[in-house]
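Quick notes on the structure that follows.
The values are calculated or read from the model by the stated rules, or taken from the named source; none is laboratory data. Keep in mind the model is a prediction, meaning the values are calculated, not measured. Ideal geometry is used to build each Cβ from the backbone, glycine not excepted, and the neighbour counts take in all protein chains shown. To get the accessible areas, we keep the full protein, side chains included, count just its heavy atoms, and leave off ligands, DNA and RNA. Shrake-Rupley method; radii C 1.70, N 1.55, O 1.52, S 1.80 Å.
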Amino acid sequence: AMGGFEDEEGGLERMPYEAAVALSRVGWHEAWRACLKRAEKAGHLDAANEKTGAKKAGTVEKNADWHKKKAAKAVEAWNLLVPQWLDAPRGHKEAAEVAKALVDAAKAASEHAAARRVGLLAEGDQGKKAAREADEEAVQAYQRFESSVAVLKEHRAVLRSSLADTATELLWACGWHAANSTSEAEEISMAAAEDEDEAEPDFDGEDEDGGEGDEDEADDEDDDEDEDAKFGAEYPGSSDDAVQDHAILLGCLKQLFWDPKYPWHGVRIHLREDVASVEAAVEAVSRVPAFSGPFPRGLNAVRLVLREALCTPKDPLGDLARAALSKAEACGLKVMLEVPAKPTAKGEEWVRKVAQETSALSCVRGVALPEAGLELEASGKLLAALRAGGLAPGRCQAALPAPEVEDEEMEAIDGWSKEFRALHSTDPASASQNALLQDGNVLLERPAVIPPKDEGGPEDQQGVLDAASHAADGAQELDLVSSWSLAVPKGIKWKSKDGPSQDWYREFAQRMLASVHSVERGWFFEAWDASGCDGEAAESELKAALEKGWLDFDAQDQVIAPTGPKHTHSFVYLHGFQCDGYSYMCEPEFFYKVKKRAKKKGAKSKAKRDPEGDDDEEDFEPHPGMKVVLPSAPLRKISAYRGEENPSWYDYLTDLDGEGEDEFPKEELEDVVKRIHALLDREVAAVGAKNVFLGGASQGSGVALHCALSYPGASGLGGVCCTMGHVLSMSEISKEWVDSKTPVYVYHGLADETMPWEKWVEGTYKRLGEAGVTVKVTVEGGVEHGDGDREQVWTRNFLTEVLRPASVKKVDDKKKKPAAGKKK
């Protein structure tokens, strides 16, 4: 990432839709031109064709020439669009330089990826020579790519760094998608030419010795080191997954013109009752209280579910939908129409007429086609009908159902499901853009549901809570959660014969909300009221959930309740800049412990089997009696970032880009201190000061430590956890606090450039140590700022340490002391 906000005043944050599509086509055709040109030279793609006579020789060459012509036309279209939008910040001269830099980046990225993947299957001396030549070409192409990126950095007043980063990421993904797709096709063609029985090698997930691919992981790490040595530390990284490349490409394309500040946060309204009820429902949605976080306050959308029974060829909308649209327009809500049209001629006509009827309404910003199916050729016809009716992709998003992302049977070597791979695969024989890419503004959506026990779902009430935190994990590779609710699977073992309590439902609801919040382009609750519910109303109605207090969009603190018979400890943890409390509610494992596995008779310990351990193979469970409080910072306008609103514990008046502590208004920190001290007072009253812990990440780390240092009380807290943060210069260290012997645990990465440890952060903690505070420091090489995986390990290690019985700590301390006469 180019980073930094200096010299960006007036720079563009987004492209027009037409410009984004033009740039994606430049990248696409340049990528396939470069790859097919190299494939033609190597002859691997034509190997099987020449043997079987399936195609005439020269097919690859003709396709390469076709893409060369298409790339030239795409560049022409791109350049024609430049004066319409890119001239505005600094004039045509600088705009032309930026436009040319992006085209040059597309060519360089394409040639670099092609050189690293295509035409490298020859063996012997010929293969070695080809590899050396390709290596040199890859280095030269990447140097050209770097030069183009440097031009973009110099013109941040034209394109802001965030937009330029997304554009270059799109072009990079284009290059690698074409390269990986072509390389795979070459391997298949060569295998067919050698009369092999299978085009792909067998794969069972284990190496010959029965391991889990540890050697492959080690090779990957070596490859990363080789890439850094060859191309430099700023190298974006290579890829070997054409499916993921295509998914990244689609995401970047939408990000170029889509405003991330306005995701879909709404509720489905089923059009089943009278006009007055529908209008009342829409108006009630617009009045739902606000919620905190980096999102619009309150619900901002409704999803109107049309019913074919209420529509006719002459009236494709019906009176209920028309009344709801009018009310939504008046209330300032955006609308997604859910049209259950099937991919038939009749369905296409319905979609086209709906588009015609609503194209003049500014509130209509999306159309969902839930019955379109998973066949892209068929759903593409519904998509074409939508656009033909007047709802153009530049103003209206289309939502299509998405297949399962991962291959649950683990039969595929790449881990993707067959259907998901089909959405994101390209045949080099045609190398044409599919319907998703041609349209450019299609969202893939799935519902977020908790599966029942017989489908791998939870068995007990704690399991349901943890499943709620991860309910939308399967949609992370997608765009939108089409629906979610508070429905609980049947057959759950409840601790009480009366079933779940109100407090349990509140935590369950906030965990579900946290999970769907993590899906970038938004979500819709299942139904507003009983008119749209087929099951238990209270669990599927947003209206009922709000009335019962299960859901609270205005909640400033998220809480993970203690398990076990008694509340014994509390941990208050403050998030970093631009995050919120929900960021951790969807990953409660940050505050859990490793679950002990039942040891089989005669089995060796895990430590002996795997000295390093592997979190991916471990299960986690809550610490009994531990309550976790996750406050959310208020939204503030950040002065150093042109007044952009972000969740932040205080405003940043400067951005020193890692050179030191940034300036901030002291009075804002004072307000935060009052709030956190009030939280601590409540927890201390419940479990005692020594059983209350305080911590935070990044900005939240410094704020947490400041609050701890200023918290009154001679007994002191049980401990402070500081991850990737620093001690604020204004934080005072009193003798009373030193005497309380509250330990401070510090966790930091040595690759952190935002808050560099050796440059200045370490010195802030030395100030604590010199004052007599017990500071326990853990630093790790290669860990960058914001590394959530390491932060998760650090918070777990902190809790494990502070919750150990005192007797165990004393024994461990004795073990750590060096023996007499030996050096430390």
Got a number for residues in the stretch 105-127 being over 18 Å from residue 148 (Cβ atoms), polar (S, T, N, Q) and touching a residue at least 24 places away in the same chain (Cβ under 8 Å)? 0
Every pair of residues 6+ apart whose Cβ atoms lie under 6 Å, when the first sits in the stretch 685-698 and is within 14 Å of residue 712 (Cα to Cα) while the second is open to solvent by 50 Å² or more (accessible area, probe 1.4 Å) and of a type in the set (Gly, Ala, Ser): 689/715
Meets criteria (of a type in the set (D, E, K, R), under 18 Å from residue 701 (Cα atoms) and free of Cβ contacts under 8 Å to residues at least 24 places away in the same chain) for residue 663: yes
If you scan the stretch 657-689, which residues turn out to be over 32 Å from the mean Cα position of the chain (by Cα) and surrounded by fewer than 17 Cβ atoms within 10 Å (Cβ to Cβ)? 666, 667, 670, 674, 677, 678, 681, 682, 685, 686, 688
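One line per residue, one yes/no per condition, for (1) modelled with pLDDT of 95 or more; (2) more than 32 Å from the chain's Cα centre (by Cα):
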site: 250; (1), (2): yes, no
site: 259; (1), (2): no, no
site: 265; (1), (2): no, no
site: 270; (1), (2): no, no
site: 295; (1), (2): no, no
site: 318; (1), (2): no, yes
site: 330; (1), (2): yes, yes
Being crowded, with 19+ Cβ neighbours inside 10 Å and either out of contact with any helix residue (DSSP H, G or I) (no Cβ under 7 Å at 6 or more places or on another chain) or assigned to a loop (DSSP other than H, G, I, E, B) (or both) narrows it down to one of 251, 237, so name that one. 251
Residue count, the stretch 770-810, condition within 32 Å of the chain's Cα centre (by Cα), assigned to a loop (DSSP other than H, G, I, E, B) and loosely packed, with under 15 Cβ neighbours inside 10 Å, comes to 3
Kindly establish whether residue 38 is more than 28 Å from residue 182 (Cβ to Cβ), at pLDDT below 95 and either in contact with a helix residue (DSSP H, G or I) (Cβ under 9 Å, 6 or more places away or on another chain) or part of a loop (DSSP other than H, G, I, E, B) (or both). no
Counting only residues that are among the acidic types (Asp, Glu) and at pLDDT 90 or above, which one in the stretch 530-550 is nearest to the chain's Cα centre (by Cα)? 541
I'd like to check something: does the stretch 137-146 contain any residue that is under 29 Å from the mean Cα position of the chain (by Cα), assigned to a helix (DSSP H, G or I), of a type outside the set (A, V, I, L, M, F, W, C) and surrounded by fewer than 23 Cβ atoms within 10 Å (Cβ to Cβ)? yes
Within the set of pairs 6+ apart or on separate chains, which have a first residue in the stretch 308-335 that is in a helix (DSSP H, G or I), a second that is at pLDDT below 90, and C-beta atoms under 7 Å apart? 320/310
Scanning the stretch 386-409 for residues that are out of contact with any strand residue (DSSP E or B) (no Cβ under 8 Å at 6 or more places or on another chain) and not in a loop (DSSP other than H, G, I, E, B), the one least open to solvent (accessible area, probe 1.4 Å) turns out to be 387
Unique match (being closer than 30 Å to residue 10 by Cβ, at pLDDT below 95 and touching an Asp or Glu at 6+ places or on another chain (Cβ under 9 Å)) among 120, 86: 86
Evaluation of residue 767 against (1) in a loop (DSSP other than H, G, I, E, B); (2) under 29 Å from residue 713 (Cβ atoms) (one fails), failing number: (1)
Confirm whether residue 429 is hydrophobic (A, V, I, L, M, F, W, C) and more than 22 Å from residue 32 (Cα to Cα). no
Quick check, is residue 95 modelled with pLDDT under 90 and not charged (D, E, K, R)? no
List the residue pairs whose Cβ atoms are under 8 Å apart, where the first residue sits in the stretch 62-83 and is in contact (Cβ under 8 Å) with a residue 40 or more places away in the chain, the second is of a type in the set (S, T, N, Q) and open to solvent by less than 100 Å² (accessible area, probe 1.4 Å), and the two are 6 or more positions apart or on different chains. 63/430
Could you check how many residues of the stretch 337-385 are surrounded by 16 or more Cβ atoms within 10 Å (Cβ to Cβ), over 27 Å from the mean Cα position of the chain (by Cα) and among the β-branched types (Val, Ile, Thr)? 4
Inside the stretch 715-753, can you point out the residues that are buried (at least 16 other Cβ atoms within 10 Å of the Cβ) and within 28 Å of residue 234 (Cβ to Cβ)? 723, 724, 725, 726, 747, 748, 749, 752
Those residues of the stretch 41-74 which are at pLDDT 90 or above and open to solvent by 30 Å² or more (accessible area, probe 1.4 Å) amount to 65, 66, 68, 69, 70, 72, 73
Strands (runs of 3 or more DSSP E) enclosed by the stretch 609-724 - at least 2 residues per element that are among the β-branched types (Val, Ile, Thr) and under 28 Å from residue 565 (Cα atoms): 626-631
Within the stretch 551-574, residues being part of a strand (DSSP E or B) and under 24 Å from the mean Cα position of the chain (by Cα) number 6
Kindly establish whether residue 272 is touching a helix residue (DSSP H, G or I) at 6+ places or on another chain (Cβ under 6 Å), open to solvent by 10 Å² or more (accessible area, probe 1.4 Å) and either among the basic types (Lys, Arg) or part of a strand (DSSP E or B) (or both). yes
